[in-house]
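Read-outs: derived from the displayed coordinates by stated rules, not from any lab. On a predicted model such as this, the values are computed, not experimentally measured, just so you know. Counting neighbours? That spans all protein chains shown, and the Cβs are built from the backbone with ideal geometry, glycine included.
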Amino acid sequence: MQDYENTTPEGNTGPVFSVLIADPHLVVAETICAILIEKRDCTAKGVDSLEAAIAASAQESYDLFLYDCSLPGCYGLDRLKHIVAAFPDTAVVLFGTCGDPVFLTSAMKSGLRGYVPKSLPLNSFLPTVDLLMAGELFLPSEVVRTMGALGSPGPVKTGMLKDIERRILGMIDAGLSNSEIGLELATSENQIKMKLRTLYSKIGANNRIHAVRIARELGEL
């Protein structure tokens, strides 16, 4: 199995993060590794089984583990909990075509950091990796909306939002402008705008009002 690594000039502190990708088709995992290394300051390793991923993590720590849910031995919530436990210091993210909102609701509550569909275009995939590496959760907007619509008995709460994000959305809902929110939180208007951009990307919102509506559907407000 080929192990791709980013080469850095002498004096550089080295790659910023490391990624492990498990896909039943090794060429797919290695292609994604090559793209990540070309576009981001990281190391990446591709494997074709869960056993190989666990063996790799025993030799080296990884910041992000993307695994295809169609890998043998990876199906179901119990297996997901086992995988999350096997990678305690790694952000574990599903990668593939397993976007069932009922399953993902339980999976996120069990420690999964997100779900990245293989259909996600490259210009969205790379910012999504950045978001995950910043410690955020990620779900596609259509999955988020479906999870919010399930709400029986009551809205589904995924825990996607940080307390500060809920506070900002609450103030938007109360009619405050970005500058007024900045004053309330003792920060700049630009900082509020940056937090909102991250929030929009996380929940698939187009603007402030849309973000409030999605957050309410998710039970986060």
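Some points to look at:
- With the charge dipole of the range 3-138 set up from +1 on Lys and Arg Cβ and -1 on Asp and Glu Cβ about the Cα centre, the Cα lying farthest toward the positive end among the listed residues Tyr62, Ala52, Pro121 is that of Pro121.
- Checking Cβ-Cβ separations below 4.7 Å across the chain identifies Cys33, Cys42, Cys74 as cysteines lacking any candidate disulfide partner.
- Potential lengthening between Glu38 and Thr198 on full extension [0.36 nm per residue; Cα-Cα distance subtracted]: 55.3 nm
- Dipole magnitude for the chain: about 900 debye, using +1 per Lys or Arg Cβ and -1 per Asp or Glu Cβ, origin at the Cα centre.
- Neighbour-count ranking [beta-carbon atoms within 10 angstrom, fewest first] of Ser201, Ser61: Ser61, Ser201
- Within straight-line cross-link reach of Lys193, aspartates and glutamates at Cα separation under 13 Å, skipping those fewer than 8 residues along the same chain: Glu165, Glu180
- Cross-link pairs exceeding 25 Å in C-alpha to C-alpha distance, out of Lys39/Lys202; Lys45/Lys118; Lys39/Lys109; Lys118/Lys202, comprise Lys39/Lys109.
- Residue-averaged [θ]222 nm for the chain, counting only DSSP H segments that reach four residues, each worth -39500 (n - 2.57): -14500 deg cm²/dmol
- Computed over the range 3-138, the range of Cα coordinates on each principal axis works out to 48, 30, 26 Å, biggest value leading.
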